[in-house]
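Asks: Got a structure here, written out as structure tokens. Questions coming.
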Amino acid sequence: MDAVLAGPSTNSRPSFRSISDHYWDKHGSGGKRFKSDSSPGSRSTTSVSSMTALTLSTDMSPVKEEKKLSDYDQALYLLENNPPEQRLDFYLPYSRYLKLEECWSKIKSARNISEDQKYPYLAYNSCAEYVTVVTVPRDLHEVAAWELGIEIINGARKYLTSQGANASVASRIVQAGSTTTVGSFGNYANSKKKADGTIKYKRPGAKHEVMIAVEVGYCEHYAALCRDKDAWIDGKHVKVCILVCLDESPRFRNPGTRHENVGDVIGECEEMVRAVTESVERDTSLCYYGHIEYQGHKWVGNLTEAFIEVWRAKKRHPTRYQLIQNSWCSNRLPKTIGLKLRDFIPDEDWEAANIVDGNISFDGNLYVHNLRISMETTAEERYEEYISS
């Protein structure tokens, strides 16, 4: 049976929320007619705890069907099934985290899941004693991290060229994408962390060192993103941690009513892409980042807000750069986000580099343009998964 995971809690504890509910009408006609209705009243409220095939933790008593799953078992469910676009944060003592990690290792071994597979990933903040599980994201999340890294690297290389610096310095500054690190300083010694993006410095004859970490998430996870930031700055001693916060409203949910089977999935997706591209081109010319709708359903909500925060060690407050507000692009997009060349190079290597420090450029216009394109791709990803599953 299909199921919907429990909705957000109203208390202060972190909660788990599904944003992908599936309902299928199994007709034999193979027709191409699509019906959708996003009305909240049409959604099922079946709890995930009613799923008999759910794998429960090996060190806990089985959860009764009428009871809500514990955070621990929700984490195992996410790790084993990897439903898209989920993040779960919850308090867990280190001894219990080790058991959760052991269960996840057994699942990966049984399913031949490669260690190189990015998602889902399991992280632990040993200072705050918080577990984080993140499942496979959509293009909007990935582009927000990757394109930011590209813009940062390009800015650093342009600056080095303008200063006539030795090409070897530029070659040592690399974008590493998501990086898993284990072990840190002080209370973070037992932490395991993966950033959405990193900028590293390749030290000759030594391990590459993370200089800048990038974390991307929705505004509703802002407190969790700040814990991630603390883990990088206080635990790994990176020079800068950059948070990219997005607010999609309303948050996506699959249609709440059934649709007939789609006989030609490829053709239907191509038709959807053409319609979406036309609407996106109209909105982009107006600098408007509104929802993307097709067949009466919103496959991406309004991007009501997007901002970048740049955090540094020993500074209590970040510098914030607003990109989008109320679904409209800012009329003063940043041309720099306060990064300097020295942020890319370890202090002990800085003098040897023999370069004058200076501001690194950032193309805010190009960045928000890429965010808009990623909204389009995200809508296509969600729609294709819905009609082909």
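Asks: Given points 7 Å out from each Cα along the Cα-Cβ axis, report the E278 to L366 separation in nanometres with one decimal.
Replies: The answer from the label model is 3.2 nm.
Asks: Here is a further query. May I ask you to derive the FRET efficiency for F185 and K207 from their Cβ-Cβ distance with R0 = 22 Å, giving the value to the nearest 0.05?
Replies: Efficiency, rounded to the nearest 0.05: 0.90.
Asks: Quick one: 3J(HN,Hα) in Hz for the range 130-142, Karplus 6.51/-1.76/1.60 with θ = phi - 60°, rounded, Gly and Pro as x.
Replies: Result, rounded to whole Hz: 10, 9, 10, 10, 10, 9, 4, x, 9, 4, 4, 5, 5.
Asks: Could you work out the equivalent-ellipsoid semi-axes for the range 265-389, taking the square root of 5 times each eigenvalue of the Cα gyration tensor, largest first, in whole Å?
Replies: After diagonalising the Cα gyration tensor, the semi-axes are 39, 17, 13 Å.
Asks: Determine the distance separating the Cα centre of the range 185-239 from the Cα centre of the range 114-163; give it in Å without decimals.
Replies: Cα centroid of the range 185-239 versus Cα centroid of the range 114-163: 9 Å apart.
Asks: At a Förster radius of 22 Å, what calculated FRET efficiency corresponds to the Cβ-Cβ distance of Y94 and D230, to the nearest 0.05?
Replies: 0.80
Asks: Roughly what % of Cα-Cα distances in the range 148-233 sit above 22 Å, to the whole percent?
Replies: Counting every Cα pair in the range 148-233, those more than 22 Å apart make up 35 percent.
Asks: Along Cα→Cβ, 7 Å out, is where each label goes; now give me the distance between the ones at K340 and K106 in nm to one decimal.
Replies: 5.3 nm
Asks: Continuing with this model, one more query. Counting only residues 5 or more places away or on other chains, whose amide H sits under 5 Å from the amide H of G358 once H atoms are built in the peptide plane?
Replies: L341, R342
Asks: On to the next question. Over the Cα atoms of the range 158-206, what is the Rg over Rh ratio if Rh follows Kirkwood?
Replies: Here Rg/Rh amounts to 1.14.
Asks: Assuming R0 = 30 Å, can you tell me the calculated FRET efficiency for the pair I373 and E351, based on Cβ-Cβ distance, to the nearest 0.05?
Replies: 0.10
Asks: Another question, then. Place the peptides 358-367, 234-243 in order of packing, highest mean first, counting for every residue the other Cβ atoms within 10 Å and averaging per peptide.
Replies: 234-243, 358-367
Asks: Let me ask another. List every residue whose amide H lies under 5 Å from the amide H of M211, counting only residues 5 or more places away in sequence or on a different chain, with H placed 1.01 Å from N in the peptide plane.
Replies: Result for M211 returns I199, K200, Y201.
Asks: Shifting gears a bit: Only bridges with both residues in the range 150-257 count here: give the DSSP antiparallel percent, nearest 5.
Replies: 60 percent
Asks: Under 12 Å from the Cβ of V182, count the other residues' Cβ atoms, weight Lys and Arg +1, Asp and Glu -1, and hand me the total.
Replies: Taking every other residue near V182 into account, the sum is +3.
Asks: From the phi angles alone, apply the Karplus equation (6.51, -1.76, 1.60; θ = phi - 60°) to the range 155-170 and give each ³J(HN,Hα) in whole Hz, x where the residue is Gly or Pro.
Replies: Result, rounded to whole Hz: x, 5, 5, 4, 5, 4, 5, 5, 8, x, 6, 4, 4, 5, 5, 4.
Asks: Now, a different point. Over the range 114-217, what percent of the accessible surface lies on carbon and sulfur atoms, probe 1.4 Å?
Replies: 49 percent
The values are calculated or read from the model by the stated rules, or taken from the named source; none is laboratory data. Everything numeric in this text was worked out from a predicted model, so none of it was measured. Please note: Cβ atoms are built from the backbone with ideal geometry, for glycine as well, and neighbour counts cover all protein chains shown. The accessibility values were calculated without ligands, DNA or RNA, using every heavy atom of the protein model including side chains. Shrake-Rupley method; radii C 1.70, N 1.55, O 1.52, S 1.80 Å.
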